[in-house]
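Peer 1: Below is a structure I'd like to ask you about.
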């Protein structure tokens, strides 16, 4: 069974630029999560999808971050414009349902200069 | 609101020694608790989880954890450390869905485990 795929693995941009991350969950997984992991901290949930609907986006900085999962499969997370404090690893996870084990992708490491 | 506190950002043990990583949680509803491991440049991998069944939970790679409600703790242990155990370990809590949770995981700050030869 293929795992959660994320791309790119690394990205370096300058502040005020925009960036997008892509996630392809495990086939058949209805629930998809985006987490932000700042160096030295645990992952923090940004947004949770159930199929193509948003379950929780309470911690998503909506003035600059957006995410979509239009067909209920893969998802994109966008930052526009980026700030220095957005430097982090962005992790995507998927699970068969809301209360099942979450499977994590390798993450995208973003550096904002 | 749920929260997780991991005591000790760095733990160093000798190969063959006991591994003990501490985790305390706060939850107003019966919690689901998890331990994840993260190797460098990789995503998180589930080690074990507590879902209100047996209080002593056995996981992969010889790890286990004991849920102690009276102490609000879920410490991770392994009797004998291997070099391959060197990684960062995260404790997480997810509230039971009866309490209105959507299954989100709330993570601690992590504990980096070093294993000396």
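The values are calculated or read from the model by the stated rules, or taken from the named source; none is laboratory data. As the structure is a computational prediction, the values presented were derived from the model and not from experiment. A quick note on method: Cβ atoms are made from the backbone with ideal geometry, for glycine too, and the neighbour counts reach across all protein chains shown.
Yes/no per residue for (1) outside any strand (DSSP E or B); (2) modelled with pLDDT of 95 or more:
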site: A:58; (1), (2): yes, no
site: A:76; (1), (2): no, yes
site: A:82; (1), (2): yes, yes
site: A:99; (1), (2): yes, no
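Peer 1: Determine, yes or no, whether residue B:14 is modelled with pLDDT under 95 and loosely packed, with under 12 Cβ neighbours inside 10 Å.
Peer 2: no
Peer 1: Same structure again: Take region B:37-51 and flag every residue that is facing chain A (nearest Cβ under 8 Å) and buried (at least 19 other Cβ atoms within 10 Å of the Cβ).
Peer 2: B:43, B:44
Peer 1: Select, from A:83, A:71, the only residue that is away from chain B (no Cβ under 14 Å), more than 11 Å from the chain's Cα centre (by Cα) and without any contact (Cβ under 8 Å) to a residue 60 or more places away in the chain.
Peer 2: Selected residue: A:71, the only one of A:83, A:71 that is away from chain B (no Cβ under 14 Å), more than 11 Å from the chain's Cα centre (by Cα) and without any contact (Cβ under 8 Å) to a residue 60 or more places away in the chain.
Peer 1: Okay, moving on. Could you say which residue among B:86, B:54, B:92, B:65 is within 12 Å of another protein chain (Cβ to nearest Cβ) and either more than 30 Å from residue A:9 (Cα to Cα) or surrounded by 14 or more Cβ atoms within 10 Å (Cβ to Cβ) (or both)?
Peer 2: The conditions single out B:92.
Peer 1: For region B:99-111, state whether one or more residues are more than 25 Å from residue A:38 (Cβ to Cβ), at pLDDT below 95 and surrounded by fewer than 15 Cβ atoms within 10 Å (Cβ to Cβ).
Peer 2: Yes, region B:99-111 contains a residue that is more than 25 Å from residue A:38 (Cβ to Cβ), at pLDDT below 95 and surrounded by fewer than 15 Cβ atoms within 10 Å (Cβ to Cβ).
Peer 1: How many residues does region B:70-81 hold that are in contact with a strand residue (DSSP E or B) (Cβ under 7 Å, 6 or more places away or on another chain) and either at pLDDT 95 or above or buried (at least 17 other Cβ atoms within 10 Å of the Cβ) (or both)?
Peer 2: Residues that pass the stated criteria total 7.
Peer 1: Tell me, which strands (runs of 3 or more DSSP E) wholly within region B:1-102 include 3 or more residues that are touching a residue at least 24 places away in the same chain (Cβ under 8 Å) and over 26 Å from residue A:94 (Cβ atoms)?
Peer 2: B:10-14, B:19-26, B:73-78
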